[in-house]
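Q: Take a look at the following structure, please.
Taken together, the values in this text are just the output of simple stated rules run on the coordinates, not laboratory data. If you're wondering where the values come from, they're calculated on a predicted model, not measured in any experiment. Ideal geometry is used to build each Cβ from the backbone, glycine not excepted, and the neighbour counts take in all protein chains shown.
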């Protein structure tokens, strides 16, 4: 045991941009083949945690009642990360799980992940670092207890938050009481994973009972003394900007405190939300509307062959599109809204040169930087406090509203809370971009594919996002978000390629749970199914025969076999019911779905979904299953219901209902999830199971109707 | 104007300038009960569901003046950790919530449904539980609703 002030651990050296970034920065000449190598590698790579917190005592707090508070570098948006973290901590720190409280770390702590909570990476990234941190904390407790007893730390034992030396016992809280100068041990030996009491077990979520009682505080619920409320103007037309505003009528409205005017927006600050909203409606605004975008114009931009091209996968030879034996099918997906139930908003307070913002954000580090720049305040003087998130799904990777709240708070000198109306939420989302796909394939005499090509066009996902530095985007030369699921996983097809076309649209598009995976998998797996049918092959065997023997291919085969077997997959229509099969791999986590579908009153009905998912080590198998169930139903919603369109130059619809989503009545009554833990580390979980669902449903419909649906949302004519 | 009602068993009076103010904001901002959530403001998502005289009401679109003399229950008054309502108990058994934001609305809608239909069928559930959950916890919710009916009917 040595004394030192900081303990730099292995995972930190892996930090920063991650292996992907380091690899890219070290290579000054980018040949496209090098980039493609990186793209393929990135599909199985877990980008590490990129915080700077290195000291266990920043992560943990032990309160006098022997509660262990973990300050989490990642936020909780429903994915169950806080529970998994508590399990990991309980096992390494030797405490009972009900002694642990997990809170989202404030940026002031220095330990928040500077990049984001996203990419389904929280548990995958932090499994090892958190084990090390908790084990370090455990050893520190022993060192302090040993000092008090004049004993040897290594002779002490720990259990249930109690440290013991023979008959003598002491609570952790007593051991560490009043310690200001910590003695830091070296990286301690971790517990044997096979001895873990919590990790790997389906324990109940730690936030379960509070959430059922309605207790947790979300961004919308945050309060400060003397708080005011605000509403902000937003144009209804795509691409419109503020020309001028007459505030006279609004200023006379009851409860109005101040009208804050900026170059491109106007905010009304009032004593209550209802008053702020009423006064906002009295603003007379002249908007500059350069043009009224139409659905057709957006569609014509979003075409393979338009925008910036990058080959993201290239093996063997390219197909000749004029070859008469080449089968070519086009697919499309629409603009998708996040539609998370808690609207975006923020509560900000500016006190001299100190700023506090409380909100639901997936990017506290980015929010902090943006507020600091906009208010010209030192970054260390901006503290971002993250609450529970009322859904994330990628929407909260964009938090420009935090800047607006802070700017209004600065002008009125009081805390200001501001949030979007639902209409603003729908019109000013950072949408899932629409996509267009052309898939070409050529079968040999045996019906098997000799060549397969996926050409796909997408709007921004990672490009123009605050969490991806422009330098990294230009190095990679592609939109790595739109690319998710875009490459072809069937490695025995000799000639295969994927080509991305990228265009930035006139409205914001960004990350939507699973990014490109949903649309890309819909296109590729619908096509594979079509080729299997045309060749007269069973679609399960057809897929298996195109996968080789490398580790990933074997893991993909395993989920395909598992889903087929557990669902008792049948290629033939049975009564009014058919099964559809599809598979995908995302971030190294393979998934296969079988959807049992019928058509009722000319509408697609999904009755049962069987899912096989290789999630690696499942820290909490029940919550991995919950993520699969959520992905499946959210995927049904996106694949069969949801669609934003342009109408009179505005994004439409602007409310639930008209924005058709899967509700209770549209959810399958049976969902079976079979987990395979094909690797011994946790893999991303919150998005990969969204991949195959659209294609699985479309493939079932093909069997029921003979018709290949090529457009999301799936609709019968 | 002064409006008086009973909320979670307690008699309350609030002084309000505009009687058309949605009940939701009075409950959240004046009475500081934050368990009832704002989702859309148009009675389209159900996050703000509470009970007025036992009926499920979407409080974002219910003017406070109509609460005069009524008996209101919010999620805070439904059950406690020690003594959860059968719906809450079932939600716990089936580990329903993910982000949790919409859950009070669903729980209140379900509790009201069970008063009318003590043993709802799947069709009853489809027709009556029409709130929006973006985490899409519907699969577990359906199981929990059936379970809650059993608990409530003493068949646990």
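Q: Using 7 Å Cα-to-Cβ label points, what is the residue A:204/residue A:167 separation (nm, one decimal)?
A: Using points 7 Å along Cα→Cβ, the separation is 3.9 nm.
Q: Give me the tail of P(r) for segment A:298-377 as a percent: Cα-Cα pairs with distance above 22 Å.
A: So the portion of pairs separated by more than 22 Å is 61 percent.
Q: Any idea what the relative contact order of segment A:528-622 is, in percent, if you count C-alpha pairs under 8 Å spaced at least 6 apart?
A: So the answer I get is 22 percent.
Q: Could I get the Rg over Rh figure for segment A:214-338? Both from C-alpha atoms, Rh via Kirkwood, rounded to two places.
A: That ratio equals 1.24.
Q: Measuring from a point 7 Å past the Cα of residue A:224 along Cα-to-C-beta, which residues in segment A:354-374 have an amide N at less than 12 Å?
A: Within reach of a label on residue A:224: A:354-359.
Q: Still on this model: Is chain B best put as rounded, prolate or oblate by its Cα gyration tensor, with a ≥ b ≥ c the root eigenvalues, rounded for a/c under 1.5, and otherwise prolate when a/b is larger than b/c, oblate when not?
A: Note, shape of chain B comes out prolate.
Q: Would you mind listing how long segment A:49-187 runs along its three principal axes, going by Cα atoms, in whole Å with the largest first?
A: 47, 27, 24
Q: Sort chain A into rounded, prolate or oblate with this rule: let a ≥ b ≥ c be the square roots of the eigenvalues of the Cα gyration tensor; rounded if a/c is under 1.5, and if a/c is not under 1.5, prolate when a/b is larger than b/c, oblate otherwise.
A: Note, shape of chain A comes out oblate.
Q: Applying 1/(1 + (r/R0)^6) with R0 = 22 Å to the Cβ-Cβ distance of residue A:108 and residue A:63, what FRET efficiency is obtained, to the nearest 0.05?
A: Efficiency, rounded to the nearest 0.05: 0.75.
Q: Once both labels are modelled 7 Å past Cα along the beta-carbon direction, what's the residue B:13-residue B:83 spacing in nm?
A: It works out to 2.9 nm between the two label points.
Q: Length gain on complete extension for the stretch residue A:181 to residue A:323, per 0.36 nm per residue less the alpha carbon to alpha carbon distance?
A: 43.6 nm
Q: Between residue A:471 and residue A:373, what's the calculated FRET efficiency when r is the beta-carbon distance and R0 is 22 Å? Round to 0.05.
A: FRET efficiency, residue A:471 to residue A:373: 0.80.
Q: Quick one: if the Förster radius is 25 Å, what FRET efficiency do residue A:647 and residue A:308 give, using the C-beta to C-beta distance and rounding to 0.05?
A: 0.30
Q: For A:273, B:138, A:198, A:418, what ranking results if the residue with the fewest other Cβ atoms within 10 Å of its Cβ goes first?
A: Taking fewest neighbouring Cβ atoms as first place, the list is A:198, A:273, A:418, B:138.
Q: Express in whole angstrom the spacing between the alpha-carbon centres of segment A:446-470 and segment A:647-717.
A: Centre-to-centre (Cα) distance: 19 Å.
Q: Could I ask something else about it? How many nm is it between the label spots at residue A:600 and residue A:570, if each spot is 7 Å from the Cα in line with the beta carbon?
A: So the label points at residue A:600 and residue A:570 sit 2.0 nm apart.
Q: Also, I was wondering about something else. Please report Rg (one decimal) and Dmax (integer) in Å for the Cα set of segment A:370-482.
A: 21.3, 76
Q: While we're on this one: I need A:400, B:13, A:514 ordered by Cβ neighbour count within 10 Å, fewest first.
A: If I rank by nearby Cβ atoms, fewest first, I get B:13, A:400, A:514.
Q: Under 20 Å from the 7 Å Cα→Cβ point of residue A:296, by amide nitrogen: which residues of segment A:404-444?
A: Zone members listed by number: A:434-436.
Q: Rounded if a/c is under 1.5, else prolate if a/b beats b/c, else oblate: with a ≥ b ≥ c from the C-alpha gyration tensor eigenvalues square-rooted, which is segment A:617-717?
A: prolate
Q: Now, a different point. Using Cα atoms only, what is the angle between the long axis of helix B:103-116 and the major principal axis of chain B, expressed in degrees (0 to 90) to the nearest 10?
A: 80 degrees
Q: Sticking with this structure for a sec: Pull out the extension gain between residue A:705 and residue A:246, defined as 0.36 nm times the separation in residues minus the alpha carbon to alpha carbon distance; nm, one decimal.
A: 159.4 nm
Q: Continuing with the same structure: How many angstrom separate the Cα center of segment B:33-54 from the Cα center of segment A:266-304?
A: First find each Cα centre; the distance between them is then 26 Å.
Q: Give, to the nearest whole percent, the P(r) tail of segment B:86-152 beyond 17 angstrom, counting all Cα pairs.
A: Taking all Cα-Cα pairs of segment B:86-152, the fraction more than 17 Å apart is 29 percent.
Q: Can you give me the relative contact order of chain A as a percent, contacts being Cα pairs under 8 Å and 6 or more apart?
A: Over chain A, the number comes to 14 percent.
Q: Normalised by the number of residues in segment B:2-78, what is the relative contact order in percent for Cα pairs under 8 Å and 6+ residues apart?
A: Across segment B:2-78, relative contact order equals 40 percent.
Q: Could I ask something else about it? For a quick check: sort A:65, A:614, A:479 by the number of other beta carbons within 10 angstrom, fewest at the front.
A: Result, fewest neighbours first: A:65, A:614, A:479.
Q: Mean projection of the alpha-carbon convex hull of segment A:384-449 over all orientations, in nm²?
A: Projected over every direction and averaged, the Cα hull of segment A:384-449 covers 8.3 nm².
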